[in-house]
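The values are calculated or read from the model by the stated rules, or taken from the named source; none is laboratory data. From a predicted model like this one, the values you see are computed outputs, not experimental measurements. With ideal geometry, Cβ positions are generated from the backbone for all residues, glycine too; neighbour counts draw on all protein chains shown.
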Amino acid sequence: MNLSEIRLLETLIIILLVIVVRLLTYKSLKKIQEKFGFQKARILIIKKILSIVFYISSIIVISFIWGVEEKELLLFISSFLTILGIAFFAQWSILSNITASLILYFSYPIKIGDTVTIMEKDYDISGKIMDIGAFFMTLKTVNNEYITIPNSVILQKMIRFK
């Protein structure tokens with residue numbers, strides 16, 4: 001076997017390993033959901049996060065297998081994080097919405113499927129929570145309209161939920 005065949009074999013092993021670990025993790029999450037009664041939507045978000053972690057990790061390992069040097073990889077990662085930091089600084093509200101989504105997800109008493117009323121000065125907004133994303137919360141009103149509200153606004157307003 002030459003070097004490229006060995007690298008190809010190692011790459012296939014890593015890909016299969018990631019697929020197997022991902023499937024086992026998903027089965028474990030399903031058991032945890034059934035045992036503790038977690039919402040399906042929360043398990044779905046955790047699956048998305050874990051998939052991203054698995055894929056990024058496998059890309060890094062495969063890069064090392066194919067001969068990417070640590071210096072080159074660190075340079076790429078640091079450049080990417082610098083650009084990302086500048087983008088977040090330029091759009092500070094994006095960062096606050098991401099932080100608000102984490103707070104809403106882990107420690108706020110509302111969850112997907114709840115009916116809420118966001119009390120504004122002039123007009124109250126009522127609806128069923130359909131999704132809590134990284135930036136916005138989506139409500140479905142009684143008129144079957146969908147309204148998106150930035151997560152940071154949700155933390156700043158008084159909310160009545162049923």
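The table below lists the values:
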item	result
3 or more residues surrounded by fewer than 13 Cβ atoms within 10 Å (Cβ to Cβ) and charged (D, E, K, R): qualifying helices (runs of 4 or more DSSP H) within segment 1-106	3-36, 70-90
Single condition Phe80 does not satisfy, out of (1) modelled with pLDDT under 85; (2) closer than 18 Å to Ile154 by Cβ	(2)
Neighbours by Cβ (under 8 Å, 6+ apart or cross-chain): first from segment 1-15, free of Cβ contacts under 8 Å to residues at least 12 places away in the same chain and closer than 13 Å to Ile62 by Cα; second loosely packed, with under 11 Cβ neighbours inside 10 Å and among the charged types (D, E, K, R)	none
Scan of segment 109-156 for residues that are among the hydroxyl-bearing types (Ser, Thr, Tyr) and either surrounded by fewer than 15 Cβ atoms within 10 Å (Cβ to Cβ) or in the same structural domain as Ile43 (by TED's automatic domain parsing) (or both), ordered by number	Tyr123, Thr141, Tyr146, Thr148
